[in-house]
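One structure is given below, encoded as C-alpha cells.
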Amino acid sequence: MKILIIGGGNMGLTYARSFVRAHITSRLDLRLLARSPERVPALAAHEIGTVWGSPAECVPGADILILAVKPQDSPALFAALKGLVQPQQLILSIMAGVRIDTLREALGTPKIIRAMPNLPAQIGMGMTAFTSTDEVSRAELVQVQNLLSTTGKTVYVENESAIDASTAISGSGPAYVYYCMEALMAAAAQMGFSGAEAELLVSQTFRGAVELYSQSGLSCEDWIAKVASKGGTTEAALGAFGAGAVREGLMAGAGAARDRAEELGK
C-alpha cells in the first residue's frame with residue numbers, strides 16, 4: 001500500500017511516524033509531498049519517507065492520498081492536484097471544515113473519507129471520528145481505520161454532520177480540558193501553592209481521574225457520588241459550580257463550536 005501524505009505539518013508528520021512505527025507501511029512506500037520544492041530538504045531531514053516537491057511526480061503512483069494541509073490552503077491544493085487524481089485512488093482528508101461534496105467536486109473522484117483527529121494523536125492518544133462516501137468499500141474502510149488507529153481510538157459515523165459534532169467535542173475538547181486545568185491551577189496559586197506545586201496537583205488529579213474512569217464500568221455521575229460526601233467539601237464545590245452554571249457553560253461552548261464548524265463548512 002503506497003501512501004502519499006500531502007502536508008508536512010504536525011499532523012502530517014504524526015501520521016507518517018505512526019504508520020512506520022506500526023509497520024503498516026515502510027519508509028520505501030511512504031511518500032510526503034512538501035508545500036513547495038523549497039521545503040523538500042527540511043521535510044526530508046525527518047527521514048520518514050520519500051519527499052517530493054511536485055504533485056505530478058508522486059500523486060499518480062499512490063494508493064491513498066492523505067490531505068493534511070490547513071483548510072485555508074485547500075484552494076491552492078485543489079489547483080495543484082487538478083487532473084492528477086484518479087477514480088480508483090482513495091482520498092483521506094483531515095482538513096477541518098472542508099466537506100465531502102467540496103472534495104468530490106474539486107478533485108473529481110468518488111472515494112473520499114473525511115476524518116477529524118485531535119491533538120493527542122501526536123502521542124498515540126488521539127480520538128478520531130471519520131465518515132465516507134458510498135463508493136468506499138468495506139475493505140477500504142478497514143484499511144483506513146487501521147491507519148487512523150495508529151494514533152489512538154477511532155469511531156465511524158454514518159452522517160457527515162456528526163463530523164462537525166465530533167469537532168466540537170473531541171477536536172476542540174483538549175482546549176476545554178486545559179481551560180479547566182488552568183482555572184484550578186489559578187485557584188491553587190491563590191491558596192498559596194507555588195506554580196510547580198499547583199501544576200503537579202492539577203495535572204496528576206486529571207490524569208488519575210481519567211484513568212480511574214477508564215478502568216471502571218462506572219459513569220461520571222457514579223464517580224461524583226463516590227467523591228462527594230453529604231455536607232462535605234466536594235458538595236460545596238459542586239454547589240458553587242451549579243450556581244455559576246459551569247455545566248451549562250461547557251455545554252453551550254461545545255454547541256458554539258459545532259455551530260462554527262458547520263459555518264466554516266459552508
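Tabulated values for the structure
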| quantity | calculated |
| --- | --- |
| Heavy-atom accessible area ranking, 1.4 Å probe, most first, across F19, F78 | F78, F19 |
| Using a Förster distance of 22 Å, the FRET efficiency for M181-N159 (Cβ separation, nearest 0.05) | 0.10 |
| Solvent exposure ordering (accessible area, 1.4 Å, most first) of T50, T131, T233 | T233, T50, T131 |
| Fully extended contour minus Cα-Cα distance, from E199 to D222, at 0.36 nm per residue | 5.6 nm |
| The chain - share of DSSP beta bridges that are antiparallel (%, nearest 5) | 15 |
| Helix axis angle, 195-214 relative to the chain longest principal axis, alpha carbon, degrees | 80 |
| Which of H23, H46 is most accessible, then next, and so on - probe 1.4 Å | H23, H46 |
| Shape of the stretch 95-141, Cα gyration tensor, a/c cut at 1.5 | oblate |
| Hypothetical label at I169: residues of the stretch 119-147 whose amide nitrogen lies under 18 Å (7 Å Cα-Cβ projection) | 119-121, 126-132 |
| Shape category assigned to the stretch 61-126 from the gyration tensor of Cα positions, a/c cut at 1.5 | prolate |
| Rounded accessible area of C220 (nearest 10 Å², 1.4 Å probe) | 80 |
| Solvent-accessible area per residue for the chain (1.4 angstrom probe, square angstrom) | 56 |
| C-alpha long axis of helix 246-265 to longest principal axis of the chain, angle in ° | 10 |
| Heavy atoms of Y176: accessible area, 1.4 Å probe, square angstrom to 10 | 70 |
| Most to least packed among 94-100, 55-61 [average Cβ atoms within 10 Å] | 94-100, 55-61 |
| Listed candidates (i) 21.6, 69; (ii) 17.3, 56; (iii) 22.6, 79 - label of the one calculated as Rg and Dmax of the Cα atoms in Å | (i) |
| Around S216: net Lys/Arg minus Asp/Glu count, Cβ-Cβ under 13 Å | -2 |
| Inter-label distance for R104 and D63, nm, one decimal - labels placed 7 Å from Cα along Cα-to-Cβ | 2.5 |
| Efficiency of FRET from Cβ geometry, D259 and Q86, R₀ 41 Å, rounded to 0.05 | 0.65 |
| Potential lengthening between S137 and A22 on full extension [0.36 nm per residue; Cα-Cα distance subtracted] | 39.1 nm |
| Whole-Hz ³J(HN,Hα) from phi, Karplus 6.51 cos²θ - 1.76 cosθ + 1.60, for the stretch 92-108, glycine and proline x | 10, 10, 10, 7, 4, x, 8, 7, 4, 4, 5, 5, 4, 5, 6, 9, x |
| T133 - accessible surface, heavy atoms, 1.4 Å probe, Å² rounded to 10 | 10 |
| Whole-number percent relative contact order across the chain, with pairs defined as alpha carbons under 8 Å at least 6 apart | 14 |
| Relative contact order of the stretch 107-239, defined on C-alpha pairs under 8 angstrom at six or more residues apart (%) | 18 |
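The values are calculated or read from the model by the stated rules, or taken from the named source; none is laboratory data. On a predicted model such as this, the values are computed, not experimentally measured, just so you know. Note that we place each Cβ from the backbone using ideal geometry, even for glycine, and neighbour counts take in every protein chain shown. In case anyone asks, the SASA skips ligands and DNA or RNA and just uses the protein heavy atoms, side chains included. Shrake-Rupley method; radii C 1.70, N 1.55, O 1.52, S 1.80 Å.
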